[in-house]
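First, the structure itself, so that you have it in front of you.
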Amino acid sequence: MRRALGLLGLCVLVGGCRSLQVPVGALVPPEEAMWRASPPLVVRWRRDVEAAPARALVAGRILLVTNRKGDVHAFALPEGRRHGVLDAGRDLTGTPAYRKSLLLVPVALGDASVMAYDLYRRRTVWRRMGDGVEAGLTLDNEVVYVAERWGRVYALDVEDGRERWAQEPEATGLDGVRARPVRIGELLVVADKRGRVVALEARTGRLRWQRQLRPVYADLAVADGLALVPTTRGRLMALEAASGATAWTLALPDTSVHLTTPVMVGSTVYVAGGDGVVRALMLRTGTVRWTWTGGAAIVAAPVADPTAGVLYVGDLRGRLVALELSTGRLIWETRLEGGVLDLADSPFGLVALTRPRHVYLLQSDHEAVALRP
């Protein structure tokens, strides 16, 4: 039966699959980082991804960009040469994952919830049928953890898609999962759009604890035994992973603010929000160290470069800035065409996804700009 489903997936996707292939060896990460990250940055290239971009995944020397139409675009790094497009389904919103040559794509709408595609061999390896996945995937060696949008959570073997365990929403109370599950030690923490947060045993799926907080849409983060939960109601909650107890809470006066996924550097947490403010907090206490206020809403999680000592932040008006990590002082800024939806770092530069349909690579080597529609 599983073999039949795999063949069916190959037939359904044959048009898109055959148009994407990366060179053998391109998925191996470079031995040394080549990105000179210190600002000012310049645009190395810009590419059109045909629809609103969703997430960026750097796999060795390949940049994979998903869009809301259901495509995965592949580009060579750092030159930006195209390696084709994979038609994975519809409405890709969560971050994919990869292991060796296998690309794992969460599909929000369509006849599958997860698709596994071999980037070297140019073929679909397996497809998991389900109710759709809006959240990103969490990969842990040979296991991938999946949270479907209506609350079903399960663990699959990466190589063949075999189910190791599954936990039903009737047991967890999850409904409407938009945030990627996070692994903390022996636990998997999952949150939903109603504010339900649960911890499952990563090996068995057994429920360990559960909390009711505020709605969660952005991905969670983990650090030093804490699960950092950003909400759409102006709250950043730090929960003790072992018990679910609240370690601290950042509570904004404006309860309509959506917070981004937090970013950690050492003992500091950086988080931005729809109010255009970036905040730096102490990891263990939640005490605010500094704030910086921009002029527009921020939906993309900031990107930190500890070596350069900067935090890159992009807003929905296309403003991209570099802030000093220790003080929040504005060091540099530029403008991109379109609001920033997602930022990602790579060994080759800063990746920015912007509306309505573009991906940028920015570097600090002052190479000539190469813009293509």
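Please state which of the following conditions residue 298 fails to meet, knowing it meets all the rest: (1) more than 19 Å from residue 216 (Cα to Cα); (2) buried (at least 20 other Cβ atoms within 10 Å of the Cβ).
The single condition residue 298 does not satisfy is (1).
Conditions tested, residue by residue: (1) more than 30 Å from residue 203 (Cβ to Cβ); (2) in contact (Cβ under 8 Å) with a residue 40 or more places away in the chain; (3) more than 20 Å from the chain's Cα centre (by Cα).
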{"residue": "44", "(1), (2), (3)": "yes, yes, yes"}
{"residue": "53", "(1), (2), (3)": "yes, yes, no"}
{"residue": "56", "(1), (2), (3)": "yes, yes, no"}
{"residue": "66", "(1), (2), (3)": "no, no, no"}
{"residue": "78", "(1), (2), (3)": "yes, yes, yes"}
{"residue": "86", "(1), (2), (3)": "yes, yes, no"}
{"residue": "118", "(1), (2), (3)": "no, no, yes"}
{"residue": "124", "(1), (2), (3)": "no, yes, yes"}
{"residue": "139", "(1), (2), (3)": "no, yes, no"}
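Among 249, 307, 255, 232, which is surrounded by fewer than 23 Cβ atoms within 10 Å (Cβ to Cβ) and assigned to a strand (DSSP E or B)?
Numbers: 307 fails: assigned to a strand (DSSP E or B); 255 fails: assigned to a strand (DSSP E or B); 232 fails: assigned to a strand (DSSP E or B).
Answer to the check: 249.
Okay, moving on. Count, please, the residues in region 105-139 that happen to be within 24 Å of residue 47 (Cβ to Cβ) and assigned to a strand (DSSP E or B).
5
Let me ask something else. Please enumerate the residues belonging to region 347-373 that are modelled with pLDDT under 95 and surrounded by fewer than 21 Cβ atoms within 10 Å (Cβ to Cβ). Before the answer, list the steps.
Taking region 347-373 and keeping what is modelled with pLDDT under 95, we get 347-349, 363-373.
Matches in region 347-373: 347, 363, 364, 365, 366, 367, 368, 369, 370, 371, 372, 373.
If we keep just the residues of region 176-200 that are basic (Lys, Arg) and part of a loop (DSSP other than H, G, I, E, B), which is most open to solvent (accessible area, probe 1.4 Å)?
Out of the qualifying residues, it is 194.
Yes/no per residue for (1) touching a residue at least 60 places away in the same chain (Cβ under 8 Å); (2) part of a strand (DSSP E or B); (3) open to solvent by 60 Å² or more (accessible area, probe 1.4 Å):
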position	(1), (2), (3)
244	no, no, no
272	no, yes, no
278	no, yes, no
317	no, no, yes
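Any residue at all in region 301-313 that's of a type in the set (Phe, Trp, Tyr) and touching an Asp or Glu at 6+ places or on another chain (Cβ under 8 Å)?
Checked against the condition, which is being of a type in the set (Phe, Trp, Tyr) and touching an Asp or Glu at 6+ places or on another chain (Cβ under 8 Å), region 301-313 yields at least one hit.
Separate question: Sort through 288, 265, 321 and tell me the only one that's touching a strand residue (DSSP E or B) at 6+ places or on another chain (Cβ under 6 Å), within 26 Å of residue 233 (Cα to Cα), without any contact (Cβ under 8 Å) to a residue 40 or more places away in the chain and surrounded by fewer than 20 Cβ atoms within 10 Å (Cβ to Cβ).
That would be 288, the only listed residue that is touching a strand residue (DSSP E or B) at 6+ places or on another chain (Cβ under 6 Å), within 26 Å of residue 233 (Cα to Cα), without any contact (Cβ under 8 Å) to a residue 40 or more places away in the chain and surrounded by fewer than 20 Cβ atoms within 10 Å (Cβ to Cβ).
Given the conditions (1) under 20 Å from residue 92 (Cα atoms); (2) surrounded by fewer than 20 Cβ atoms within 10 Å (Cβ to Cβ), and given that residue 157 satisfies all but one, which numbered condition is not satisfied?
(1)
So residue 215 clears everything in (1) outside any loop (DSSP other than H, G, I, E, B); (2) open to solvent by less than 50 Å² (accessible area, probe 1.4 Å) except one condition, right? Which one?
The failed condition is (1).
Right, here's the next one. Which one of 82, 90 is touching a residue at least 24 places away in the same chain (Cβ under 8 Å) and open to solvent by 30 Å² or more (accessible area, probe 1.4 Å)?
On the way: 90 fails: touching a residue at least 24 places away in the same chain (Cβ under 8 Å).
Only one candidate passes the filter, namely 82.
Here's a follow-up. Among the residues of region 42-69 satisfying the criterion of being small (Gly, Ala, Ser) and more than 13 Å from residue 85 (Cα to Cα), which is most open to solvent (accessible area, probe 1.4 Å)?
The residue in question is 52.
Also: Take region 160-175 and flag every residue that is surrounded by fewer than 17 Cβ atoms within 10 Å (Cβ to Cβ) and part of a loop (DSSP other than H, G, I, E, B).
160, 162, 168, 173, 175
Taking the condition in contact with a Gly (Cβ under 6 Å, 6 or more places away or on another chain), charged (D, E, K, R) and open to solvent by 50 Å² or more (accessible area, probe 1.4 Å), does residue 122 pass?
So residue 122 fails the test.
Looking only at region 325-364, which residues are under 13 Å from residue 302 (Cβ atoms) and among the charged types (D, E, K, R)? Explain how you work it out, then say what you get.
Going through region 325-364, the residues under 13 Å from residue 302 (Cβ atoms) turn out to be 325, 328, 340, 342-345, 350, 352.
Scanning region 325-364 gives 342, 345.
Given the structure, is residue 203 without any contact (Cβ under 8 Å) to a residue 40 or more places away in the chain, open to solvent by 10 Å² or more (accessible area, probe 1.4 Å) and assigned to a loop (DSSP other than H, G, I, E, B)?
yes
The values are calculated or read from the model by the stated rules, or taken from the named source; none is laboratory data. Small disclaimer: the values here were computed from a predicted structure and weren't measured. Note that we place each Cβ from the backbone using ideal geometry, even for glycine, and neighbour counts take in every protein chain shown. Only protein heavy atoms, including side chains, enter the accessible area calculation; ligands, DNA and RNA are left aside. Shrake-Rupley method; radii C 1.70, N 1.55, O 1.52, S 1.80 Å.
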